[in-house]
Amino acid sequence: MKKKIAKQLRQRKRKIRNRLDKRTIPEHLGPMLNPGNIHYEISDRNHGVLYGGIGAVQMLVKQLRLDEAINRHLRLFKLHNPYFESDHVLNIAYNILCNGECLEDIERLRNDDVYLDAVGADRIPDPTTAGDFCRRFAVEHVEILQEIINEIRLKVWSQQGPEFFAEAVIDADGTIAETTGECKEGMDISYKGTWGYSVVAD
């Protein structure tokens, strides 16, 4: 990080600490949330993106060559006109990372020039094209994609130091199997109000 940027970040953190200091008395008496006179401007040089981390994710993909691995092993197209398999896979994954809940939310990203600049794309597949890509998938294609991810995961692990492998933590999530008989031993109620059993590892 450049010294100038580090200094600016320290100054901003100091300013926030001063604003949140309990000993600081507000200049005005009344509610804190006080709508002011706000003006909106469009900058010619500076642009902001809501999902700032997407640029770092794109750099990670390039560093690990995940896109190259997808295009090498996952072959669904005879011609790339203009998108490659990696364009579609990453497009759907990035949509989720950017709070997308369905393929239609990709349209929002397609019309965000700052997002397109962040991922280094002139354009990305639209929701309809993304849906057509998903329909090409068969079971073997899902398995190939999983193997690609496993291959890249090994590459990430190989960059870790010995201390990384000293301890392994398995994070497991249980599912309650709903059944009847509230008085049976081991039965409990979930936050949704359903009675059942949950498999919990000791």
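No value in this document is a laboratory result; all are computed from the given coordinates. Owing to the predicted nature of the structure, the values given are computational and were not obtained by experimental measurement. Neighbour counts run over all protein chains shown; Cβ positions are idealised from the backbone, glycine included.
Which shape class, rounded, prolate or oblate, goes with region 60-108 when its Cα gyration tensor gives a ≥ b ≥ c as root eigenvalues, a/c under 1.5 marks rounded, and past that a/b bigger than b/c marks prolate?
Oblate is the answer for region 60-108, as a/c is 1.5 or above yet b/c matches or exceeds a/b.
Take the Cβ-Cβ distance between R136 and T175 as r, set R0 to 25 Å, and report the resulting FRET efficiency rounded to the nearest 0.05.
0.25
Rounded, prolate or oblate for the chain? Axes are the square roots of the Cα gyration tensor eigenvalues, ordered a ≥ b ≥ c, and the cut-off for rounded is a/c under 1.5.
It comes out oblate by the Cα gyration axes.
Using R₀ = 30 Å, calculate the FRET efficiency as 1/(1 + (r/R₀)^6) where r is the Cβ-Cβ separation of F84 and V114; round to 0.05.
0.85
Take the Cβ-Cβ distance between D44 and A6 as r, set R0 to 30 Å, and report the resulting FRET efficiency rounded to the nearest 0.05.
The value I calculate is 0.65.
With springs only between Cα atoms under 10 Å apart, run a GNM on the chain and tell me which of L103, L20, L74 wobbles the most.
In this elastic network of the chain, the residue with the biggest mean-square fluctuation among L103, L20, L74 is L20.
Distance between the C-alpha centers of region 118-192 and region 47-115? Whole Å please.
Region 118-192 and region 47-115 have Cα centres separated by 17 Å.
Tell me whether region 91-156 comes out rounded, prolate or oblate; compute the Cα gyration tensor, take square roots of the eigenvalues as a ≥ b ≥ c, and use a/c under 1.5 as the rounded threshold.
Here region 91-156 falls in the oblate category.
Of the residues T179, T128, T24, which exhibits the maximal mean-square fluctuation in a Gaussian network model of the chain defined by a 10 Å Cα contact cut-off?
Taking springs between Cα atoms under 10 Å, the residue moving most is T24.
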